[in-house]
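These notes concern the structure reproduced below.
The values are calculated or read from the model by the stated rules, or taken from the named source; none is laboratory data. A quick note: this is a predicted structure, and the numbers were derived from the prediction, not measured. Using ideal geometry, Cβ is built from the backbone for each residue, glycine included, and neighbour counts are taken over all protein chains shown. For the accessible areas, the whole protein counts, side chains as well, though only heavy atoms, and no ligand, DNA or RNA atoms are used. Shrake-Rupley method; radii C 1.70, N 1.55, O 1.52, S 1.80 Å.
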Amino acid sequence: MFSEIAPRYDLLNRFLSFGTDLRWRRRAVRLALEKRPGRVLDLATGTGDLALLLKQTAPGAEVVGADFAPPMLELARKKARERGLAVRFLEADALALPFPEGAFDAITIAFGFRNFADYRRALGELHRVLAPGGRLVILEFPPPPKGAFGLVYRVYFQRFLPLLGGLISGNFGAYRYLPESVEAFPPPEALKALMEEAGFSVRYELLTFGVAAIHVGDKA
């Protein structure tokens with residue numbers, strides 16, 4: 001599914017979020033780079049937007065982007081070449097990462113964590129490949145917020161977004177999957193508890209009235 005929508009993925013991210021996802025990503029990058037990491041992994045990197053932003057913001061850092069969809073990675077490599085940014089992109093499974101213990105000082109995941117088949121196992125792998133004192137930053141869509149704004153957002157997210165995304169990408173199933181996966185995702189407090197269970201010290205912040213959330217987990 002992700003391979004099929006790769007050609008229109010960036011366009012739809014900007015269009016369907018009204019460009020707000022760029023601001024969310026910049027916030028995630030600032031949090032990930034607070035401790036001046038030397039080695040950074042962007043997991044579920046997709047077409048590489050966050051990995052490239054990390055490298056652009058911290059030119060001295062070694063940045064690796066990993067994903068399981070080869071067409072996404074090809075687009076990421078092309079963007080890196082065009083921008084002259086030295087980011088290594090490779091195919092990887094989040095539940096069995098091909099890296100040794102303590103390989104990275106920071107790990108970022110933007111809108112990919114909810115797609116992992118086993119959250120606990122993924123968090124265990126992330127904790128394993130983080131160096132002591134390392135930081136995990138997860139940017140994700142929690143279930144839609146409550147209240148009047150949440151009602152309006154839910155109508156857009158569940159009805160208009162799948163239609164628009166399907167028309168532009170040609171894959172209606174992929175954009176029906178998006179709201180379904182968000183509705184099934186743990187709310188912020190539950191994700192915080194899962195991260196703490198895996199050994200992280202966790203805090204989180206809600207963005208744009210709760211449309212998105214950033215969880216920051218530090219390894220002792």
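Quick check on residue 20: is it hydroxyl-bearing (Ser, Thr, Tyr), crowded, with 22+ Cβ neighbours inside 10 Å and at negative phi? Against the criterion (hydroxyl-bearing (Ser, Thr, Tyr), crowded, with 22+ Cβ neighbours inside 10 Å and at negative phi), residue 20 does not qualify.
Kindly establish whether residue 140 is among the acidic types (Asp, Glu), touching a Leu at 6+ places or on another chain (Cβ under 7 Å) and either buried (at least 19 other Cβ atoms within 10 Å of the Cβ) or on the phi > 0 side of the Ramachandran plot (or both). No, not satisfied. Using the structure shown, decide if residue 145 is on the phi < 0 side of the Ramachandran plot and modelled with pLDDT under 95. Criteria met by residue 145. Among the residues of region 77-126, those identified as in contact with a strand residue (DSSP E or B) (Cβ under 8 Å, 6 or more places away or on another chain) and of a type in the set (D, E, K, R) are 77, 88, 91, 105, 114. In region 79-122, the qualifying residues are those that are in contact with a Pro (Cβ under 8 Å, 6 or more places away or on another chain) and over 13 Å from residue 42 (Cα atoms), and the one that is most open to solvent (accessible area, probe 1.4 Å) is 119. The numbered conditions (1) over 17 Å from residue 111 (Cα atoms); (2) touching a Phe, Trp or Tyr at 6+ places or on another chain (Cβ under 7 Å); (3) among the aromatic types (Phe, Trp, Tyr) are all true for residue 160 except (2).
On the given criteria, is residue 69 at pLDDT below 95 and surrounded by fewer than 24 Cβ atoms within 10 Å (Cβ to Cβ)? Against the criterion (at pLDDT below 95 and surrounded by fewer than 24 Cβ atoms within 10 Å (Cβ to Cβ)), residue 69 qualifies. Only one of the numbered conditions (1) more than 21 Å from residue 151 (Cβ to Cβ); (2) aliphatic (A, V, I, L, M); (3) under 17 Å from the mean Cα position of the chain (by Cα); (4) surrounded by fewer than 18 Cβ atoms within 10 Å (Cβ to Cβ) is violated by residue 184, and that is (1).
Residue 156 meets each of the listed conditions (1) surrounded by 16 or more Cβ atoms within 10 Å (Cβ to Cβ); (2) closer than 18 Å to residue 21 by Cα apart from (1).
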